[in-house]
1. Given the peptides 186-197, 112-123, arrange them by the average over their residues of other C-beta atoms within 10 Å, most packed first.
2. Which one of Met84, Gly42, Val31 has its Cα pushed farthest toward the positive end of the charge dipole of segment 15-100, where Lys and Arg give +1 and Asp and Glu give -1 at the Cβ?
3. Ordered by packing density, taken as the mean number of other Cβ atoms within 10 Å over each peptide's residues, highest first, how do 212-223, 136-147 rank?
4. For Leu56, enumerate residues with amide H under 5 Å from its amide H, sequence gap 5+ or separate chain, H modeled in the peptide plane.
5. Within the set of other residues whose C-beta is less than 12 Å from the C-beta of Val30, count the net charge using Lys and Arg as +1 and Asp and Glu as -1.
6. Placing unit charges on C-beta atoms (Lys and Arg positive, Asp and Glu negative, everything else neutral), compute the dipole magnitude of segment 18-107 about its Cα centre in debye, rounded to 20.
7. For segment 145-267, what is the Kirkwood hydrodynamic radius in Å, using each pair of distinct C-alpha atoms?
8. Per residue, how much accessible area does segment 66-198 show when a 1.4 Å probe rolls over the protein heavy atoms, in square angstrom?
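The values are calculated or read from the model by the stated rules, or taken from the named source; none is laboratory data. Small disclaimer: the values here were computed from a predicted structure and weren't measured. Heads up, the Cβs are rebuilt from the backbone with ideal geometry, glycines too, and the neighbour counts pull from every protein chain shown. We work out accessible area using only protein heavy atoms, side chains counted, and drop any ligands, DNA or RNA first. Shrake-Rupley method; radii C 1.70, N 1.55, O 1.52, S 1.80 Å.
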Amino acid sequence: MEVIIQKDRERASLLAADIVATLIRRDPAVVLGLATGSTPLGLYRELVRRHREEGLDFARVRTFNLDEYRGLEPDHPASYHSFMWENLFEHVNVDRDRVHLPDGMTNDVPASCGAYEEAITAAGGIELQVLGIGANGHIGFNEPSSSLASRTRIKTLSRETIAANARFFGGEQYVPRHVLTMGVGTIMDCRRCLLLAFGEEKAEAVAKMVEGPISAMVPASVLQLHRRAYVVLDEAAASRLQLAEYYRWVYEHKPAWQAGAGPGGKP
Ligand code: PGA
């Protein structure tokens, strides 16, 4: 894991945008895995700004989102379809046919989840997957105890996640209990992961993910086995890392040959 600690979430989001923009410029038809939630909002804002002001071109970019609620129409205001259009897709020149989210309304969940996996494979796999982390250590909606080999499938949300997401629905009782989510194995197949985490409320999950044992109880900890996982944190989210000083030192002393070698290097 490459742990990169930034002063605040604004700087961390800019660095994340550098990583994503570098990949889009390198391959205009790059396949991106995208995430929802509060965490990637600064990243998406910066990508929109770069599209408007610097001509960052999304015309051929292909995207696959991590997850979607079961039973919400795509135009439901709290669906992840709506989230992505509101916060990113509507503001860049993305091609509607090139964006993909799991189909929360499908009548055949296993077939639809299988087709989602096949579509990712047919696109050549995901080059970079953007991730947040739940306070309980989930990635996507892979709650603690999820199989670390899992593929896209239906999951039942934990009470903790339902409570955390109630703010988008106006109350816990309105949050769907089920979701379709890429599996942990699906996420591990992407060529790069870019996990963002901000704020004190994520500090414990981040410490377990980076420095704890690999365990299905903390699904994000499996990223320790990923060959190219960038973990971009603000100071608060990094506050419980035992080796925080070492990660800072590594980043500051990144050799020029490595820094120039692509995303994750110093911008
Ligand atoms: P958040 O959610 O970005 O809204 O904190 C992250 C997650 O649950 O994965």
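1. Numbers: 186-197: 23.3, 112-123: 16.1.
Ranking the peptides 186-197, 112-123 by packing returns 186-197, 112-123.
2. Final value for the positive-end residue is Val31.
3. Going from most to least packed, we get 136-147, 212-223.
4. Residues meeting the criterion, in which the H sits 1.01 Å from N, are His51.
5. That sum, taken over residues with Cβ under 12 Å, equals +4.
6. My answer is approximately 280 debye.
7. Working: mean 1/r = 0.0611 Å⁻¹.
After inverting the mean inverse Cα-Cα distance, the result is 16.4 Å.
8. Here the per-residue accessible area is 42 Å².
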